[in-house]
1. Which distance in Å, rounded to a whole number, links the C-alpha centroids of the range 371-411 and the range 510-569?
2. Taking N as the number of residues in the range 439-534, what is its Cα Rg relative to 2.2 N^0.38 Å?
3. Where does helix 112-123 land angle-wise versus the long Cα axis of the chain, in degrees 0 to 90, nearest 10?
4. Compute, for Trp488, the solvent-accessible surface of its heavy atoms (probe 1.4 Å) with the complete set of protein chains present, and express it in square angstrom to the nearest 10.
5. Given the convex hull over the Cα atoms of the range 543-667, what projected area results after averaging over all orientations, in nm²?
6. How large is the dipole of the range 165-314 about the Cα centre if only Lys and Arg carry +1 and Asp and Glu carry -1, each at its Cβ, rounded to the nearest 20 debye?
7. For Arg29 and Val773 in the same chain, what is the full-extension length gain: residue separation times 0.36 nm, less their Cα-Cα distance, in nm?
8. Going by the alpha-carbon gyration tensor, a ≥ b ≥ c the square roots of its eigenvalues, is the range 645-723 rounded (a/c under 1.5) or, if a/c is not under 1.5, prolate (a/b greater than b/c) versus oblate?
Amino acid sequence: MSSQEADNTQMRYRFSRNITVDTRPSTTRYFAHSENMAGAAHFLSDHLASVAERACGFLDGHRGAEETRLAGLLHDLGKYGDRFQARLRGEEKGLDHWSQGAWVALNQRRAIAAALAIQGHHIGLQRADESALRDLDPQVLGKHHPLKLSLSDADINRLLDRFHADGLEPNHPENTLGWPFDNIAAMFDVRMLFSALVDADFLDTEAHFNGNKQGKVPRPAGAKLNPDVALEVLRNHMAELRKEKAAACESRVLAARDALWHATAEAGRQSTGLWTLTAPTGSGKTLAMLNFALEHARTNKLERIVMVVPYLTIIEQTAHIYRQIFESLGAHYVLEHHSLAGLGEESSREDAESESERMRRLLSENWDAPIVVTTNVQFLESLFSNRPSSCRKLHRLARSVVLFDEAQTLPAKLAVPTLAALSHISAEYGTSVVFATATQPAFDHLNQSVKTWQTSKKSANSPGWTPRPIMSDEAGLFRQLRRTRVHWPQAGQRVSLETLADVLNEQDKVLCIVNLKRHALKLISALREKNAEGVYHLSTNLCPAHRQDVLIAVRERLLERQACRLVSTQCVEAGVDVDFPVVYRALGPLDAIAQAAGRCNRNGLLRDPDGRPQLGNVHVFAPELDSKKEDGMYPGFAYYQAASLTQLLLGDKGESGLDLDDPQTFRDYYKRLYDLNEPETQAKELFQAVQAQHFPEVAKQYRLIVQDTIMVLVPYANRLDQYRELRAELDARGLRTNWMRRAQLLSVSLYRPKPEHPIMGLLLPAKLSRGGVSDEWFVLGEEFARHYDPLLGLSPPEAQAVLIG
């Protein structure tokens, strides 16, 4: 503090003891940010008070709300430093303005979660062990800052004098979040506090920079969920849909869908908690889940519905259906949040900069919408993230309904920590979680392990994982909707791909799903040699735009009763709406075989010559070995392990005992699978990171997809104009976030090739906007378009080493 300031201010405050506050008005104004375009100032006192109030409001009624208020008041305390004010004038750089507020929250209020949130609101949540907390001391940071920054002011007393002179006072939270944060539940509570602080800070800062001479201009709030209105819209839609389907569906299928509809409505009128919805493919599960969610929101006064799906092919389909239904309620009533959202044909560069697109992107940042559709990766990795941008939306999960479609896709190695987090959200934040699938995993078998992760020890007080079923008579629903007959291979029976190609060529309309891309390519090659008609291929060798076009063509040929032979990897399973009379499926995990069966006689329309309902045929086959080891016939060890269990169960139970239309079959399968692979022991490094209270390491260890990959922009013939536009923009401006979003539609992911791999001679590294080139994004030049086959997709030389799957 300067001598002039000392003369003007009675400095009675001494850090951490005998606090008295000078009530004289400050003679100096301090600013949070530079002036906006209208020349308006953003006073620091206004920013701190506004963020505190908004952040506390986000968690109103939930644990940590008052501690969040404290975090909001102190998060930018270091901006009262003279050096930071000089930074706003462009005279300083490389400053830390957050650690001072974190130290006050920690040392004065013992508000450890608030301290972590303040520390992390720019750099991410860090460690919470005693050593790391001691290192927040400004005296320590002044000597050695881990980020090689300088403190804006190391004198806490001076900063607090200015803070008080601005009329501010840190509140005293009665109940701070309990430390240590050495379990999933405690860590998530910190993330919720962090989320509320980060979002409030972003929103207030944005309102300043969008402001005018009269003051801040906040962004328009997202629409509110009105369950009464939304239910009426949904039920009107269903009434029209029933009329349309009446002639196209069997009466038993319609009756089964009605039964599921009524069950979801009845369950929706119960209290919040954990739920399962086990329903066969074609039962109308997607809309029935929405019926449950809206009825549940109306009954329990919930604020949001979040639909979580595993694959982009499903998310695009689901979001399209939901948008059509609620179109009358506004353009942003349904919000997609994933890497390809809004990147269809209509999304030109001009459209991306339109007011509607800008609003969609703003709402996506913090999920400020009534219905959000997102992916497993986006949702689940955010639950364990330490980054401000990923965690910003988490507070929106309080008092929501979270619907997981195709719940069986949750990786076994991450099942226990994921269930622990979701169970805690439900128990503490008034949120309902629904796991929906035709092949329901027996996750309740992991109840005790979930409790261990929630408390770092087994405790009867932890909620664990004990969901309620939405549909009481699951078995009856499956019997009513039985549409296929499964033919299993005899023990030791294997078939060559050449022989299989002959079989497929004899079928007019057939889907064949294999476990590996190399098997798909061999089958297609054999079918080509036989001049088979209507051959199509689906795999992740095809860019997303190409896969969309293939599915459109396949559906049209099936509808027009033309020859159609689709060879696919697993990407056609789980939610892709195609309906073949015959399906061939390579031996694999039991749930994968059931998902393949869901593409057979999907609508129950098959009839015999006399017009009577007929079952579709699903043939399971074991390909001839083309690998030295059995596990080389599968995409990974976990997949091989699950496939081996399917084979074992077939030997134990026989064909009649392995009934895919009996939910108990899958309970038995999953229990044995969990006993075999012990999912509770598969995330040891993650568990250790949780116990160490190490937020960055937890984020690093929780990854649904762990691969070193690159992205390749490909010259797909049907979208060459888009490809050329993207390439020209890349050459002119370099790699940018918006470019990457749009480019994903025309990109293929590969394992990172070794420098000497032949494909590296075909790929051009993407230019970075600030010079240099990317090591993650590449372009396959149009001069090498022959390596992007119109049927097979990306087909580089020596492909097996780089193709995923």
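The values are calculated or read from the model by the stated rules, or taken from the named source; none is laboratory data. Computed from a predicted model, the values in this text were never measured in an experiment. Cβ sites come from the backbone with ideal geometry, for glycine too, and all protein chains shown count toward neighbours. For accessibility, only protein heavy atoms count, side chains too; no ligands or nucleic acids. Shrake-Rupley method; radii C 1.70, N 1.55, O 1.52, S 1.80 Å.
1. The range 371-411 and the range 510-569 have Cα centres separated by 33 Å.
2. Dividing the Cα radius of gyration by 2.2 N^0.38 Å gives 1.83.
3. 80 degrees
4. Trp488 exposes around 20 Å² with every protein chain in place.
5. That works out to 9.8 nm², a quarter of the Cα hull's surface.
6. So the magnitude is around 820 debye.
7. Length difference between fully extended and current span is 263.4 nm.
8. oblate
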